[in-house]
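K.L.:
I have a structure here, written as structure tokens, and I will follow up with some questions on it.
The values are calculated or read from the model by the stated rules, or taken from the named source; none is laboratory data. Since the model is a prediction, treat every value here as computed from it, not as a measurement. Using ideal geometry, Cβ is built from the backbone for each residue, glycine included, and neighbour counts are taken over all protein chains shown. Calculation scope for accessible area: heavy atoms of the full protein, side chains included, ligands and nucleic acids excluded. Shrake-Rupley method; radii C 1.70, N 1.55, O 1.52, S 1.80 Å.
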Amino acid sequence: MAGARPKTGRVPEGEPGRIGAVSDPDVRVLAEPEYRAACDLFLQTLLEARFDDESWSQTKGRFEPGRVLGAHVDGELVGTTMSMTNALTVPGGRRLPAAAVTGVGVRADRTRRGLLSRMMHEQLGDAAARGEVFAMLHASEAVIYERFGYGAATRCREIQIDRARAGLRETAPRGGTVRILPREQALKVLPELYEVSRRNRPGNIDRPAAWWPARQVHLGNAATVVVHSDESGADDGYALYEPTRSGERSTLNVYDLNAADATAAAELWRFLFDVDLADTVAGRIRPLDEPVEWLLADPRACRTVSIGDDLWVRILDVPAALRARAYGHADPVVLDVRDGHFPDNAGRYRISPQGAEITDSAPDLTLDVAALAVLYLGDRRVTDLAEAGLVEAHAPAALESADALFKTAQSPWCGTSF
Ligand SMILES: CC(C)(COP(=O)(O)OP(=O)(O)OC[C@H]1O[C@@H](n2cnc3c(N)ncnc32)[C@H](O)[C@@H]1OP(=O)(O)O)[C@@H](O)C(=O)NCCC(=O)NCCS
């Protein structure tokens, strides 16, 4: 496929300075001494307190030289965003370079003047110039990012299990042991365990070394890590939980649980359901298809409390993204992709079980790059988006084929906050 790349005015990495032709406001790459002010500004826009020195020292490793942007008006920092080097797992298991975007905020007295738009424009161009195939983020609100080509590409659910009714079925997998990890070992053990236990689920992302201490900032000192070992003694899964109390009721909040196989997952849930004094076990940011209900003799003991969007994806290099993923078995379809921001992405792509290629053939379906992001990891049926008016079907039979081509065996899920 043609390797046409979007154009950008990116400055070299680590070199603070202006990006592209800007007048007022001034959007530029921040230098390292400016990172803490950017962090403070971001937290202020999220209506959160600033970090103390200890929290800042655990967080600052996430700020990558050349990737932290600031918007200044009259010399004052009033907007910021940053991106971090990462990778996204796509259907079929390949991991492609991706920019993890976070720290997005514009000071409340400067909003709705186009500052975010300016920063997004620079940031997406910068990520594309780095060869990143995707930009990705978690959105505070669903109405902000579609205009920049992002689509909600994965979803997650919150579940609550009534511990008094949480007996496992006889058929639930059994094997291995679960132990509580001494707190001081968690940061040493978890990064490797995450690698061992994350499966190649679409939507999965890397957790670089700097991610782990930054994650600790958001956990209280009652957070506990449990590890599952298989019959041979090899660690193959873990869960991180933190108890909270409301009145007379205690909840075990499970913030992270990854397991290399079904046995490790079942044993970790079994352990959590057996913790004394907890009334409820709450699974936060869980995959939609995790079969917790089916582990339980009483499936209604597990309630889905909410389903929400998880990872938002902006496809920066449509040919590379379409070429990299695996497809199901169906007749080929021709997609006509529109992209108002990166014109080189726009074009016709023939998708078949063998892969994707650029074509001149008449299109079967027309869609915007943001809608393609919603479909790309397999979260939604193409038919559903067509029914919502987000995909235009020139050949209605192509919808069924496209559904089968884009469908994935597992629900896509990220499950990693950043
Ligand atoms: C979200 C935020 C960064 C937007 O910054 P901003 O500088 O006001 O955005 P812009 O002026 O560039 O807005 C661009 C467009 O998006 C729209 N928009 C931006 N934020 C919006 C919001 N929260 N709700 C609805 N529309 C929004 C604007 O109306 C504008 O639309 P238009 O192009 O049709 O005129 C800012 O409101 C903010 O800091 N919010 C609090 C922190 C937060 O939520 N950060 C995001 C974390 S993921």
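K.L.:
Which pairs do you get when a residue that is farther than 12 Å from Lys60 by Cα, found in the range 29-45, comes within reach of a residue that is assigned to a helix (DSSP H, G or I), reach meaning Cβ atoms under 6 angstrom, with the pair 6+ apart or on two chains?
P.N.:
Pairs found: Leu30/Ala38.
K.L.:
Another question, then. Would you pick out the residues in the range 96-146 that are hydrophobic (A, V, I, L, M, F, W, C), surrounded by fewer than 20 Cβ atoms within 10 Å (Cβ to Cβ) and near the ligand (Cβ under 7 Å from one of its atoms)? Please lay out each step first, then the result.
P.N.:
Residues of the range 96-146 hydrophobic (A, V, I, L, M, F, W, C): 96, 98-101, 104, 106, 108, 115-116, 119-120, 124, 127-129, 133-137, 139, 142-144.
Retained after the next criterion (residues that are surrounded by fewer than 20 Cβ atoms within 10 Å (Cβ to Cβ)): 96, 108, 129, 139, 142-144.
Result: Ala139, Val143, Ile144.
K.L.:
Okay, moving on. May I ask you to list the residues in the range 266-297 that are assigned to a loop (DSSP other than H, G, I, E, B) and either open to solvent by less than 30 Å² (accessible area, probe 1.4 Å) or touching a strand residue (DSSP E or B) at 6+ places or on another chain (Cβ under 9 Å) (or both)? Before the answer, list the steps.
P.N.:
So in the range 266-297, the residues assigned to a loop (DSSP other than H, G, I, E, B) come out as 274-279, 287-291, 297.
Answer for the range 266-297, where residues must be assigned to a loop (DSSP other than H, G, I, E, B) and either open to solvent by less than 30 Å² (accessible area, probe 1.4 Å) or touching a strand residue (DSSP E or B) at 6+ places or on another chain (Cβ under 9 Å) (or both): Val275, Leu277, Ala278, Asp279, Pro287, Leu288, Glu290, Ala297.
K.L.:
Using beta carbons and a limit of 6 Å, which pairs, at least six apart or on different chains, have the first residue in the range 83-112 and touching a residue at least 24 places away in the same chain (Cβ under 8 Å) and the second one within 7 Å of the ligand (Cβ to nearest atom) and not charged (D, E, K, R)?
P.N.:
Val101/Leu137; Gly105/Thr45; Val106/Gly79; Val106/Leu115; Val106/Leu116
K.L.:
Here is a further query. Looking at (1) open to solvent by 10 Å² or more (accessible area, probe 1.4 Å); (2) farther than 23 Å from Asp24 by Cβ; (3) part of a loop (DSSP other than H, G, I, E, B), which one does Pro91 not meet, given that it meets all the others?
P.N.:
(1)
K.L.:
On to the next question. When the residues of the range 69-88 are filtered to those that are among the hydroxyl-bearing types (Ser, Thr, Tyr) and open to solvent by less than 20 Å² (accessible area, probe 1.4 Å), which remaining residue is nearest to Asp206 (Cα to Cα)?
P.N.:
Ser83
K.L.:
Among the residues of the range 378-412, which ones are of a type in the set (Gly, Ala, Ser) and part of a strand (DSSP E or B)? Working first, answer last.
P.N.:
First pass over the range 378-412, keeping only residues of a type in the set (Gly, Ala, Ser): 378, 386, 388-389, 393, 395, 397-398, 401-402, 404, 409, 411.
Once the filter is applied, which keeps residues that are of a type in the set (Gly, Ala, Ser) and part of a strand (DSSP E or B), the range 378-412 yields only Ala393.
K.L.:
Got a number for residues in the range 355-369 being farther than 17 Å from Ala127 by Cα and either among the hydroxyl-bearing types (Ser, Thr, Tyr) or open to solvent by less than 10 Å² (accessible area, probe 1.4 Å) (or both)? Break it down into steps so the answer makes sense when it comes.
P.N.:
Narrowing the range 355-369 to residues farther than 17 Å from Ala127 by Cα: 355-368.
Imposing the further condition that a residue be either among the hydroxyl-bearing types (Ser, Thr, Tyr) or open to solvent by less than 10 Å² (accessible area, probe 1.4 Å) (or both) reduces the set to 359, 361, 365-367.
Qualifying residue count for the region: 5.
K.L.:
Separate question: Could you figure out which of (1) aliphatic (A, V, I, L, M); (2) within 30 Å of Ala301 (Cβ to Cβ); (3) within 14 Å of the ligand (Cβ to nearest atom) isn't true of Ala166?
P.N.:
(3)
K.L.:
Limited to the range 338-364, what total is found for residues that are touching a Ser or Thr at 6+ places or on another chain (Cβ under 6 Å) and touching a residue at least 24 places away in the same chain (Cβ under 8 Å)?
P.N.:
Restricting attention to the range 338-364, the residues satisfying the condition of being touching a Ser or Thr at 6+ places or on another chain (Cβ under 6 Å) are 348, 350.
Then keep just the ones that are touching a residue at least 24 places away in the same chain (Cβ under 8 Å); that gives none.
Qualifying residue count for the region: 0.
K.L.:
May I ask you to list pairs of residues, at least six apart or on different chains, whose Cβ atoms are under 6 Å apart, with the first in the range 163-180 being within 18 Å of Ser232 (Cα to Cα) and the second being open to solvent by 30 Å² or more (accessible area, probe 1.4 Å) and of a type in the set (D, E, K, R)?
P.N.:
Here the result reads Gly175/Glu231; Gly176/Asp230; Gly176/Glu231, each pair linking the range 163-180 to a residue that is open to solvent by 30 Å² or more (accessible area, probe 1.4 Å) and of a type in the set (D, E, K, R).
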